[in-house]
Amino acid sequence: MKQALELNINGLTYDVVVSPREILADVLREKLGLIGTKKGCGQGDCGTCTVLIDGRPYLSCITLALSCKGKEILTIEGMEKDGELHPIQKSYIKNGAVQCGFCTPGMIMSSKALLDENPKPTEMEIRRALEGNLCRCTGYTKIVEAVQNVKQGGKE
Amino acid sequence: MHLPQFQYSAPKTSDEVEALLAEQKDKAKILAGGTDLIVQMKEKAHRPEFIIDITGIESLSKINYDNGKGCTIGSATKIENIEKTDVIKEKYAALSKGASVIGSTQIRAMATIGGNTCNASPCADTVSPLVVFGAKVNITSKNGKRDVLLEKFIKNNGVTDLNPDEFVESFTLEEPWPNSGSAYEYMGLRNAMEIDMVNFAANIAMDGDKIKDIRLAMGSVSPVPLRGTKAEEMLKGQVPTDELIEKAAKACSDASIPIDDIRASADYRREIVGVLAKRVIKKALASIKK
């Protein structure tokens with residue numbers, strides 16, 4: 001049975017009507033037009049669908065929308081502020097960490113979760129934090145460099 | 001991939017969960033992190049009519065250490081909290097290590113200890129550590145409470161002792177033995193998102209230079225958690241020399257009943273049981289604070 005649901009996404013409140021079987025990734029993309037969050041494997045393996053829920057990285061393709069009631073969701077769209085890209089996004093671009101771009105939103109959200117907890121991570125800490133995000137293009141080296149080179153530990 | 005239809009509820013108390021299960025019984029499934037359940041539902045392996053989301057019940061996600069009495073861990077406690085909480089790292093190191101190697105960063109943020117155990121996969125990384133700490137599973141239903149030793153709770157690959165109207169509230173780990181240390185290792189092809197082909201946990205207490213108490217548990221080499229009972233008997237009351245540890249490791253290898261599958265052959269797994277047994281026993285011994 002469909003239910004009305006209030007979702008707090010990127011600081012804004014969205015009203016949606018969802019059936020219990022709807023996953024967060026689909027609600028973001030299909031109902032709210034927030035297509036920055038991508039769908040890859042659909043089963044929690046590739047990390048492409050990663051969003052932050054209450055600051056922690058979650059796989060939106062295996063998260064029920066209804067279970068997000070009362071939580072703070074941050075998607076890639078919420079990273080820019082007043083038209084300016086977040087330091088993490090700037091670093092990814094500057095360090096050549098974006099090729100096809102499909103893994104990038106998920107990578108950036110996982111990077112943010114890491115830097116919020118640990119502003120100066122070592123290479124191994126970065127690789128471990130991003131171990132749930134697959135990239136087929138870059139070979140990860142530039143992504144690791146991008147996270148290492150984020151200015152101000154990722155704070156705006 | 002789409003989920004089948006179901007009804008969803010998110011109760012706020014254990015009592016509400018009990019009431020829902022009393023009514024819905026085996027038509028319902030408990031949802032915690034969803035990292036197993038939702039994936040399995042997408043694969044149509046499960047088609048519950050009702051989903052009971054327990055992540056909103058605060059009392060189910062607490063870690064409570066009572067000095068001298070042991071530790072109670074709520075079934076909805078996130079794997080990443082089990083990995084990072086100081087009391088688990090210090091007193092139940094094998095469990096913190098087991099939690100730390102589950103899945104990926106995201107999986108550890110979502111998944112729970114209740115899910116990892118009740119999913120009852122032979123490779124579950126929290127199970128072997130819980131077994132060596134003598135963990136009990138605290139089960140509740142409208143008809144009352146009961147507790148079962150985790151080793152007995154898991155009955156087969158994917159099968160637990162839970163009745164349709166019951167759910168797991170928490171796990172109780174015994175107070176660590178004085179002068180003891182623990183360790184956990186797994187063998188797999190990848191560093192993350194890996195289903196291990198063998199895992200091994202040890203909990204050892206010393207009295208002078210002799211082993212006073214010991215529990216060894218291996219995973220992925222039997223449908224249920226497997227204690228290295230023969231090896232434990234060999235080592236208990238003895239000085240753990242390299243030679244004796246080697247013999248004990250072989251006993252663990254011989255006791256294992258692995259299968260051939262896509263991840264490894266039974267022969268290789270049997271060999272690796274011996275390798276990990278030695279490694280983990282030595283690591284556990286080395287970690288005992290002088």
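Throughout, read-outs are computed from the coordinates displayed, never taken from laboratory work. All of these numbers come straight from a predicted model, not from anything done at the bench. Note: ideal-geometry Cβ built from the backbone for every residue, glycine included; neighbour counts use all protein chains shown.
Of note:
- Scope segment A:39-61; condition in contact with a strand residue (DSSP E or B) (Cβ under 6 Å, 6 or more places away or on another chain) and in a loop (DSSP other than H, G, I, E, B); matching residues: A:GLY44, A:CYS49, A:ASP54
- Those residues of segment A:62-87 which are part of a loop (DSSP other than H, G, I, E, B) and touching a Pro at 6+ places or on another chain (Cβ under 8 Å), in sequence order: A:THR75
- Criterion: more than 8 Å from chain B (Cβ to nearest Cβ), crowded, with 20+ Cβ neighbours inside 10 Å and either under 15 Å from the mean Cα position of the chain (by Cα) or under 26 Å from A:ILE143 (Cβ atoms) (or both) - qualifying residue of A:CYS41, A:CYS49, A:CYS100: A:CYS49
- Residues located in segment B:41-76, provided they are in a loop (DSSP other than H, G, I, E, B) and of a type in the set (A, V, I, L, M): B:ALA45, B:ILE54, B:ILE57, B:ALA76
- Subset of segment B:213-246 (residues that are closer than 15 Å to B:PHE133 by Cα and surrounded by fewer than 16 Cβ atoms within 10 Å (Cβ to Cβ)): B:THR229
- Residue list for segment B:242-261, restricted to those being within 18 Å of B:SER222 (Cβ to Cβ) and not acidic (Asp, Glu): B:ALA248, B:ALA249, B:LYS250, B:ALA251, B:CYS252, B:SER253, B:ALA255, B:SER256, B:ILE257, B:PRO258, B:ILE259
- Among residues of segment B:77-101, those that are away from chain A (no Cβ under 11 Å), of a type in the set (A, V, I, L, M), surrounded by fewer than 24 Cβ atoms within 10 Å (Cβ to Cβ) and under 20 Å from B:MET187 (Cβ atoms), counted: 1
- Condition met for A:LYS2 (free of Cβ contacts under 8 Å to residues at least 40 places away in the same chain and within 14 Å of chain B (Cβ to nearest Cβ)): yes
- Residue in segment B:1-40 that is farthest from the other protein chains (Cβ to nearest Cβ), counting only those that are part of a strand (DSSP E or B) and of a type in the set (Gly, Ala, Ser): B:ALA28
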